[in-house]
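Heads up, the thing below is written out as structure tokens.
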Amino acid sequence: MRAVEIIEKKRDKQELTQAEINFFVEGFCHGEIPDYQASAWAMAVLLNGMTPHETTNLTLAMANSGDQLDLSEVVPIAVDKHSTGGVGDKTTLVVAPVVAACGLAVGKMSGRGLGFSGGTLDKMESIPGYRTDLSTQEFMHQLAEIGIVLTGQTADLAPADGKLYALRDVTGTVPSMPLIASSVMSKKIAAGAQAIVLDVKLGNGAFMQTEQEARKLARRMVHIATLADRKAVALLSDMNQPLGQAVGNALEVKEAIQTLHGRGPQDFHEHCLVVSSHMLILGGVVENEEQGRQKAENALETGQAWEMFKRLVAAQGGDLSYVEEPERLPAARLVEDQPAPRTAYISAINARIVGETAVVLGAGREKKGDAIDHGVGIEVLHKVGERVEKGQPLLRIHARDRASLELAQERLLKAYHWSEEAVEALPLFYGVVKPEQT
Ligand code: URA
């Protein structure tokens, strides 16, 4: 078998066999297939798609490219969640401690920023000392000890996805349904979670723009989970504007801390309650969404979720003084408000432009391996449906220098659309996909 023939076959819209997919994934993972061939192949997949059968085979090949954890050795049931990527999506930082505080173990391996969408690891690394490189042994030990882990994918779990993920980030091959489905599900299968809540984002700031595409991705992932004998449910959630207000690493950690204290933005708070309640249902702690919400609210109100967050940070070497006094977290040198250009209702905010602008400010990577600036970012002070007065602060930009601040100002104004007529607020969710619907 030759890599070039497999690339040509996909280029010519043919279905790859399981043997071909295994050959390509193994070859790439072991360095026998170079990045340029893997990039060409990923682009062919993006352009021509994959059948459900190919997607399942790709997922299993990537999950089998390294070790597979069996978490039932350490906890009765571990629940995980995964977002397909969005702007301002700091949900994991809140729901993981909320759910763990409700007595359900959360063992989560997260990723870094991908294209215009942020990554949980980059956010958590805003906390000095916080380690995102736990070994498998450390992962298992911490899960058993405190019931919560939030780390990076270890090199020995789904290593093929780790390599491909970094390559896709810089080759324009992220928004592909089969590549996203296999990337997410290979990690989840390898990391051993028995129950998985998938947060499938849709809209202008998501990789899936339409409800139809997002539903298809959700179905495919839930189906793969079922084949792999895992419980899964997918939520279709809105990404037609950033989630919450903060976009940028340390800014998002601060917003997550506020939310853990019950003082977060209303949309983000609500989003976290819904995701937490589905995790609690899948983990068998509650029977329905209402009970899940109540339990999650209670974990927030009693401070148990906040205590759990601190235990997590301390367990992974983070300096607690920074989360106790979040104003000490990395901050940008320049912070300036951007005034609203007119008096009107906000009819749309292009979250993708906001995410891309955060990358321009230094919050994300332009190319593989770039260093990021944890302090920079954007605060979106008003959301779709709100009426603002001309001159009122619309956004707050955190930049490291004047040039990037001015560039951000110019770009961000293009993200806003206006209406003289009243505009409805956007929904947070568009539905739930369960195994019986796949
Ligand atoms: N999250 C992932 O883990 N992989 C993707 O491809 C996109 C989002």
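Amide H of residue 246: which non-local residues (sequence gap of 5 or more, or other chain) have their own amide H closer than 5 Å, using H built in the peptide plane?
Long-range HN contacts for residue 246: 380.
Assuming R0 = 25 Å, what is the FRET efficiency of residue 32 and residue 156, from their Cβ-Cβ distance, to the nearest 0.05?
On the way: r = 19 Å, r/R0 = 0.75.
Between residue 32 and residue 156 the formula returns 0.85.
Applying 1/(1 + (r/R0)^6) with R0 = 35 Å to the Cβ-Cβ distance of residue 68 and residue 321, what FRET efficiency is obtained, to the nearest 0.05? It would help to have the intermediate numbers written out before the result.
Numbers: r = 38 Å, r/R0 = 1.07.
E between residue 68 and residue 321, to the nearest 0.05, is 0.40.
Amide H to amide H under 5 Å from residue 237: which residues, 5+ apart in sequence or cross-chain, H placed 1.01 Å off N in plane?
200, 201, 202, 430
Please report the orientation-averaged projected area of the stretch 198-280, defined via the convex hull of its C-alpha atoms, in nm². Mind showing how you got there, number by number?
Numbers: hull surface 24.0 nm².
Projected over every direction and averaged, the Cα hull of the stretch 198-280 covers 6.0 nm².
Using 10 Å bins from zero, what percent of all Cα-Cα pairs in the stretch 128-180 falls into each bin?
That works out to 22, 38, 28, 12, 0, in percent per bin.
How large is ³J(HN,Hα), in whole Hz, for each residue of the stretch 384-401 in order, when computed from phi with the Karplus curve 6.51 cos²θ - 1.76 cosθ + 1.60 and θ = phi - 60°, using x for Gly and Pro?
So the Karplus estimates, Gly and Pro as x, are 4, x, 7, 9, 10, 8, 3, x, 5, x, 9, 9, 10, 9, 10, 10, 8, 8 Hz.
Mean 1/r over all different Cα pairs, inverted: what Kirkwood radius does the chain give, in Å? Walk me through the numbers on the way to the answer.
On the way: mean 1/r = 0.0458 Å⁻¹.
Mean inverse Cα-Cα distance, inverted, gives 21.9 Å.
Checking the cross-link filter: which lysines have an alpha carbon closer than 23 Å to that of residue 434, excluding same-chain neighbours under 8 positions apart?
81, 108, 187, 188, 201, 216, 231, 295
Calculate the dipole size of the chain relative to its Cα centre from +1 charges on Lys and Arg beta carbons and -1 charges on Asp and Glu beta carbons; express the result in debye to the nearest 20. Intermediate results must be reported in sequence, preceding the final value.
Numbers: 44 positive and 57 negative charges, 106 e Å.
Rounded to the nearest 20 debye, it is 500 debye.
Do me a favour and compute the ellipsoid semi-axes for the stretch 334-378 from its Cα gyration tensor, root of five times each eigenvalue, largest one first, whole Å. Spell out each step's value before the answer.
Details: eigenvalues 137, 37, 7 Å².
One finds semi-axes of 26, 14, 6 Å for the stretch 334-378.
First obtain the Kirkwood hydrodynamic radius of the stretch 202-337 from its Cα pairs, then insert it into the Stokes-Einstein equation at 20 °C and 1.002 mPa s, and state the resulting D in µm² per second as a whole number. Spell out each step's value before the answer.
Values: Rh = 17.1 Å.
Using the Kirkwood radius from Cα pairs, D works out to 125 µm²/s.
Connecting C-alpha atoms closer than 10 Å in a GNM of the chain, tell me which of 419, 110, 277 has the biggest fluctuation.
Of the options given, 419 has the highest mean-square fluctuation.
Principal axes first, then extents: for the Cα atoms of the stretch 346-438, list largest minus smallest coordinate on each axis, whole Å, largest first.
47, 41, 18
Using only the C-alpha atoms of the stretch 5-75, find the volume of their convex hull and express it per residue in Å³.
104
Provide the packing ranking of 30-38, 85-93, 393-401, 112-120, i.e. peptides ordered by the mean count of other C-beta atoms within 10 Å per residue, highest first.
Values: 30-38: 14.6, 85-93: 27.3, 393-401: 20.6, 112-120: 24.4.
Peptide ranking by packing, descending: 85-93, 112-120, 393-401, 30-38.
I'd like the distance between the alpha-carbon centres of the stretch 200-237 and the stretch 27-50, rounded to an integer number of Å.
The distance from the Cα centre of the stretch 200-237 to that of the stretch 27-50 comes to 23 Å.
Provide the convex hull volume over Cα atoms per residue for the stretch 48-178, in Å³. It would help to have the intermediate numbers written out before the result.
Values: hull volume 16.0 nm³, N = 131.
Spelled out: Cα convex hull of the stretch 48-178, divided by residues, is 123 Å³.
So if R0 is 45 Å, what FRET efficiency would residue 331 and residue 229 give, r being the distance between their Cβ atoms, rounded to the nearest 0.05?
Values: r = 46 Å, r/R0 = 1.02.
That pair, residue 331 with residue 229, gives E of 0.45.
Relative contact order for the chain: what is it in percent, counting Cα pairs under 8 Å that are at least 6 residues apart? The partial results should precede the final answer.
Details: 978 pairs, mean separation 84.1, N = 438.
Over the chain, the number comes to 19 percent.
Rounded, prolate or oblate for the stretch 253-395? Axes are the square roots of the Cα gyration tensor eigenvalues, ordered a ≥ b ≥ c, and the cut-off for rounded is a/c under 1.5.
oblate
Under 5 Å between amide hydrogens, which residues at least 5 positions from residue 152 or on another chain qualify, with H placed 1.01 Å from N in the peptide plane?
110, 133, 134
Classify the stretch 149-265 as rounded, prolate or oblate, taking a ≥ b ≥ c as the square roots of the eigenvalues of its Cα gyration tensor: rounded when a/c is under 1.5, otherwise prolate if a/b is larger than b/c and oblate if not. Mind dumping the intermediate values first?
Details: a/c = 1.43, a/b = 1.31, b/c = 1.09.
Rounded, since a/c falls under 1.5.
When the Kirkwood radius is taken over all Cα pairs of the stretch 241-297, what Stokes-Einstein diffusion coefficient follows at 25 °C and 0.890 mPa s, in µm²/s?
On the way: Rh = 11.9 Å.
Here the translational diffusion coefficient equals 207 µm²/s.
Take peptides 265-271, 190-196 and line them up by average Cβ neighbours within 10 Å, highest first, as a rough protection proxy. Before the final figure, lay out each step's value.
Values: 265-271: 18.6, 190-196: 25.0.
The packing order, highest mean first, is 190-196, 265-271.
Report the semi-axes of the equivalent ellipsoid for the stretch 366-412 in whole Å, largest first, where each axis is √(5λ) for an eigenvalue λ of the Cα gyration tensor. Can you show the working numbers first?
Numbers: eigenvalues 133, 31, 17 Å².
Square roots of five times the eigenvalues give 26, 12, 9 Å.
Values quoted throughout were computed directly from the atomic coordinates according to the rules given, and no laboratory measurement underlies them. Please read all numbers here as calculations on a predicted model, not as lab measurements. Here Cβ is always computed from backbone atoms with ideal geometry, including for glycine, and neighbour counts include all displayed protein chains.
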